[in-house]
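The values are calculated or read from the model by the stated rules, or taken from the named source; none is laboratory data. These figures come from a predicted structure and were not determined experimentally. Note that we place each Cβ from the backbone using ideal geometry, even for glycine, and neighbour counts take in every protein chain shown. What goes into the accessible areas is simple: the full protein's heavy atoms, side chains included, and nothing from ligands, DNA or RNA. Shrake-Rupley method; radii C 1.70, N 1.55, O 1.52, S 1.80 Å.
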Amino acid sequence: QVQLVESGGGLVQAGGSLRLSCAASGRAISSYNMGWFRQAPGKEREFVAAIRRTSGSTYYADSVKGRFTISRDNASDTVYLQLSSLKPEDTAVYYCAAKWRGYSDTVDRYDYWGQGTQVTVSS
């Protein structure tokens, strides 16, 4: 079992940047494949980015490719999402998620979730 806590969200102007953090406890983050998802009001939760446990390979939704970067620091049991060139349509609650086995970009395949952190991008 692992507990995940996101932080780093806030209000930022379009074109700005934020770095989201996801701190893990209970088990080392190196035990899991990690992902970031987001959910805007009235919308389904959608895949944003993922990083594989073993290879470190990264994957991104087309909507954020080239603007967002996922990374992990196993020494501190933390996964990050660097958000750059932010757009108003990036406004959402961002969730960190952990998956025990294998890579996935599907919400219901992930085993553990954080509480979310709000990102609001103003025009």
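Listed values, structure above:
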read-out: Translational diffusion of the range 36-100, µm² s⁻¹ [Kirkwood Rh, Cα pairs; Stokes-Einstein; 25 °C; 0.890 mPa s]; value: 196 µm²/s
read-out: Probe 1.4 Å, accessible area per residue of the chain, Å²; value: 50 Å²
read-out: Cα-based Rg and Dmax for the chain, where Dmax is the largest Cα-Cα distance (Å); value: 13.3, 40
read-out: Computed accessible area, Glu46, all protein chains, 1.4 angstrom probe, square angstrom; value: 80 Å²
read-out: Percent RCO, i.e. relative contact order, over the chain, from Cα pairs under 8 Å lying at least 6 residues apart; value: 36 percent
read-out: Carbon plus sulfur fraction of accessible area for the chain, probe 1.4 Å, in percent; value: 44 percent
read-out: Anchor Lys87: lysines whose Cα lies under 21 Å away (excluding residues fewer than 8 positions away in-chain); value: Lys43, Lys65
read-out: Net lengthening on full extension, Gln13/Thr120 (0.36 nm per residue, minus Cα-Cα); value: 37.7 nm
read-out: Listed residue (Ser30, Ile70, Pro41) projecting farthest to the positive dipole end of the range 17-92, Cβ model; value: Ser30
read-out: Extension gain, Lys43 back to Thr106 (0.36 nm per residue minus Cα-Cα distance, nm); value: 21.2 nm
read-out: Distance between modelled label sites at Ser30 and Lys87, nm, 7 Å Cα→Cβ extension; value: 3.8 nm
